[in-house]
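**Student:** So that we are looking at the same thing, I have put the structure below in structure tokens.
The values are calculated or read from the model by the stated rules, or taken from the named source; none is laboratory data. Nothing here was measured: the structure is a model prediction, and the numbers come from that model. Cβ: placed from backbone, ideal geometry, glycine included. Neighbour counts: every protein chain shown. Only protein heavy atoms, including side chains, enter the accessible area calculation; ligands, DNA and RNA are left aside. Shrake-Rupley method; radii C 1.70, N 1.55, O 1.52, S 1.80 Å.
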Amino acid sequence: IAQFFAAFVDLKKTQAPMQKALLLIDRFHQEIDDNKESMALALSYDDLVHNQAVGKISAFLTLEEGDVIEGNLWALRNFYRLGVRLVTITWNYPNSLGFPNKDPKYQFNGLTPFGREVIREMNHLGMIIDVSHLSDAGFYDVAELSVNPFMASHSDARAVFDHRRNLTD
């Protein structure tokens, strides 16, 4: 059993996104410590297998809103060191990485130049790129740039449910 825990930051409601994300990550690690008899941090597939073998839930840490790195690749690397293994590139607002699919006006806007750097660095680190919420053009940019598999952690197919945030076939 595994659970992805999202350190979610709403950029419009947070003046210091990186600080907010760090506070959430600190809380995540406190929860792991407080519940160590039933759950354990998972940083890899091997950790997932080990945790399952010892009867623990694997806790994977994610960031939902890539702009918490505030334009700094060093911050992405430090979030990785803190245990983040998946990053959702955008949420509801355009950010320094790319554009969301919340509003049709962003549909054809892909990754920014910095967003492209982030994709390359995430590939280098082995982080999972999450395209949920990302614009259609951004999705195709990730598909073109990423040398590693990526995922849509909480999106559906528009053919199943026609919603802007869902993915085209």
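**Student:** With all protein chains present, how much of the accessible area of region 39-113 (probe radius 1.4 Å) comes from carbon and sulfur, to the nearest whole percent? Mind showing how you got there, number by number?
**Tutor:** On the way: 1840 of 3290 Å².
Using a 1.4 Å probe with all protein chains present, region 39-113 comes out at 56 percent carbon and sulfur.
**Student:** Out of (i) 10.0; (ii) 9.4; (iii) 8.7, which label holds the value of mean projected area of the Cα convex hull in nm² that was computed here?
**Tutor:** (i)
**Student:** Considering the dipole of region 1-141 built from charges on the beta carbon (Lys and Arg +1, Asp and Glu -1) around the Cα centre, which of LEU82, TYR45, PHE99 is farthest to its positive end?
**Tutor:** Final value for the positive-end residue is PHE99.
**Student:** Then there is this: Filter the DSSP H helices in the chain by two things, a Kyte-Doolittle mean of at least -0.5 and an axial alpha-carbon span of 20 angstrom or more, and list the hits by number. Don't skip to the answer; put the middle values down first.
**Tutor:** Numbers: long enough: 17-34 (25 Å, -0.41).
Membrane-span-like by this rule: 17-34.
**Student:** Just the accessible area per residue of the chain, please: how many Å² with a 1.4 Å probe? Before the final figure, lay out the partial values.
**Tutor:** Numbers: 8850 Å² over 169 residues.
Value for the chain: 52 Å² per residue.
**Student:** Please give, to one decimal in nm, the separation of the simple spin-label points placed at ARG158 and THR14, each 7 Å out from Cα toward the Cβ.
**Tutor:** So the two model labels end up 2.9 nm from each other.
**Student:** Another one. Separation between the LEU43 and ARG81 pseudo-spin-labels, each 7 Å from Cα along Cα→Cβ, expressed in nm?
**Tutor:** 1.2 nm
**Student:** So which residue, out of LYS102, LYS20, LYS36, gets the largest mean-square fluctuation from a GNM of the chain using Cα contacts under 10 Å as springs?
**Tutor:** Answer for the Gaussian network model of the chain: LYS36.
**Student:** Using modelled amide H (1.01 Å from N, peptide plane; none on Pro or chain starts), what sits under 5 Å from the amide H of GLY98, excluding residues fewer than 5 places away?
**Tutor:** Correct list: THR112.
**Student:** Turning to a different aspect of this structure: Enumerate lysine pairs in region 1-105 that are 8 or more residues apart or on different chains, then count those whose Cα atoms are under 24 Å apart.
**Tutor:** Details: LYS12/LYS20; LYS12/LYS102; LYS12/LYS105; LYS13/LYS102; LYS13/LYS105; LYS20/LYS102; LYS36/LYS56.
Step by step, the pairs that qualify in region 1-105 add up to 7.
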